[in-house]
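Visitor: Quick one: structure below, then a few questions.
We did not get these values from a lab; they are worked out from the coordinates using the rules stated. Not measured: the values here are computed from a predicted model. A quick note on method: Cβ atoms are made from the backbone with ideal geometry, for glycine too, and the neighbour counts reach across all protein chains shown.
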Amino acid sequence: MKSEHTNSRSIDRRTVLKSFLTFGAGISLSALLPEKAISDVLNSPVRRNYLRPPGALPEPDFVATCIRCGRCAEVCPYHSIEPISLKAGLQAGTPLIHVEHIACYLCMECVKVCPTGALRDVPAEKAGMGLAHIDEERCWAYNGKALCRACYDACPYKNVAIQLIHLKPVIVEDKCVGCGLCVAACPVQIPRAVNVDPLENHLK
Ligand code: SF4
Ligand code: SF4
Ligand code: SF4
């Protein structure tokens, strides 16, 4: 559940953004569009398995700071980053990583080229993209369908961010950086048995 602080920050942000989107002689966005359309324009695209690149500022600051230059996507050697479609309103052109498709390999090239600090130049172990969760009902290692350890083998922080305890993978919450390499490697499909949820500060 979101905290009161988060909700009030979210409302403040909406108020600011609505003001920002006021045109000419006092004609506001809310006068032109229904509330649902305004909500679609303002909502963050960040959600389970759809994450900002490493080092991203908290979401409202990120959206305000990113100039949609595309350098992070251009430099990524793995093509992990995709700029959001032009149809996405205020979010258009901002970078997103769909970790089920291509995860982040934590090479940290993107943070070096971001000209605005929207992606902070943090070390890989501070990438802060999200936190992995294992669905024990779907995970083969837990439900006994196979001796699977694909997520464990894929993790760049094996035995630190993810451990094998009695042959079952366990996420270490304060060490997982949310790169999604475990998600990409999971053989259980739709949905995966391991998924990455964004940290609270990456949600609207
Ligand atoms: S850290 Fe490397 S792999 Fe990850 S998104 Fe940035 S450039 Fe791509
Ligand atoms: S490099 Fe920085 S400013 Fe440019 S699109 Fe990526 S996050 Fe935004
Ligand atoms: S547990 Fe998954 S998301 Fe977390 S650091 Fe390891 S591979 Fe990345």
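Visitor: Listed residues LYS87, LYS112; which is surrounded by fewer than 19 Cβ atoms within 10 Å (Cβ to Cβ) and away from ligand 1 (no atom under 14 Å from the Cβ)?
Guide: Every option except LYS87 fails the conditions.
Visitor: Taking the condition away from ligand 1 (no atom under 16 Å from the Cβ) and either closer than 18 Å to ARG48 by Cα or not aliphatic (A, V, I, L, M) (or both), does CYS151 pass?
Guide: yes
Visitor: Which residue pairs have Cβ atoms closer than 6 Å, lie 6 or more positions apart in sequence or on different chains, and pair a first residue in the stretch 50-68 that is without any contact (Cβ under 8 Å) to a residue 12 or more places away in the chain with a second residue that is surrounded by fewer than 20 Cβ atoms within 10 Å (Cβ to Cβ) and not in a helix (DSSP H, G or I)?
Guide: So the pair list comes out empty.
Visitor: Could you figure out which of (1) outside any helix (DSSP H, G or I); (2) over 29 Å from GLY70 (Cβ atoms) isn't true of ILE97?
Guide: For ILE97, the failing item is (2).
Visitor: Right, here's the next one. So which strands (runs of 3 or more DSSP E) are wholly in the stretch 119-181 and hold at least 3 residues that are within 16 Å of ligand 2 (Cβ to nearest atom)?
Guide: none
Visitor: Do we have any residue at all in the stretch 53-65 that's under 11 Å from the mean Cα position of the chain (by Cα), part of a helix (DSSP H, G or I) and surrounded by 15 or more Cβ atoms within 10 Å (Cβ to Cβ)?
Guide: Checked the stretch 53-65: at least one residue is under 11 Å from the mean Cα position of the chain (by Cα), part of a helix (DSSP H, G or I) and surrounded by 15 or more Cβ atoms within 10 Å (Cβ to Cβ).
Visitor: Moving on to the next point. State which residue is farthest from the chain's Cα centre (by Cα) when the search covers only the stretch 74-84 and only residues that are surrounded by fewer than 19 Cβ atoms within 10 Å (Cβ to Cβ) and hydrophobic (A, V, I, L, M, F, W, C).
Guide: VAL75
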